[in-house]
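Only one structure is covered here, and it is reproduced in the block below.
The values are calculated or read from the model by the stated rules, or taken from the named source; none is laboratory data. Here the structure is a predicted model, which is why all the values come from computation and not from measurement. Positions of Cβ are generated from backbone atoms using ideal geometry, with glycine treated the same way; all protein chains shown enter the neighbour counts. We work out accessible area using only protein heavy atoms, side chains counted, and drop any ligands, DNA or RNA first. Shrake-Rupley method; radii C 1.70, N 1.55, O 1.52, S 1.80 Å.
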Amino acid sequence: MRLNPTLIRHLTQIGKSRINIMCNIGRYSSQALNIPKPEGESRGNSPKLERIVGEISNLTLIEVSELNVLLKKTLNLPDAPMMAAGFQVAAAALKEEDLEQEPKKVQTSFTLKLLKFDDSKKVALIKEVKNLLEGMNLVQAKKFVESAPTVVKADIPKDEAEKLQEALTKAGAVCEIQ
């Protein structure tokens, strides 16, 4: 059986290629291949990075602040990212709008306070206090008036507080609505 010389050349070239491939595999096989891991699996970190993380985790807050300033200066980083600054401006604008939309709180309950009284009208004031405040006799009204400044009534509507203030003022008292 006689072989075609062209076929022999092809076979020798294929043989040489196989020999070269085998030699190259032997040469590179001692190096580890970096096969990427799927996203869900944790990657093994380099010892250098683990050492850096360990050192940073042992820093105090002041040292972390100094490290932050040093990294910004070394890497020429701005103090705040542009996106975050824009967000802060937008948040401030939203807060101002919320403040404008909030209804102003209106005081609905008031306290009437007896500050002082005219000594010449003390008897009339005691009688008026006895009549205006339920459950008080003359002795209690006298002690109440003499203990001024004191609260006459608390948590009452404004119109009731104004009526009481007017009546007590006519009787010689100086009152304040709070």
(message) Taking the conditions exactly as written (open to solvent by 80 Å² or more (accessible area, probe 1.4 Å) and in a helix (DSSP H, G or I)), does Lys163 satisfy them or not?
(response) yes
(message) What are the pairs with Cβ atoms under 6 angstrom where one residue, in the range 96-123, is among the acidic types (Asp, Glu) and the other, located anywhere, is at pLDDT 80 or above? Sequence gap at least six, or different chains.
(response) Asp118/Gly172
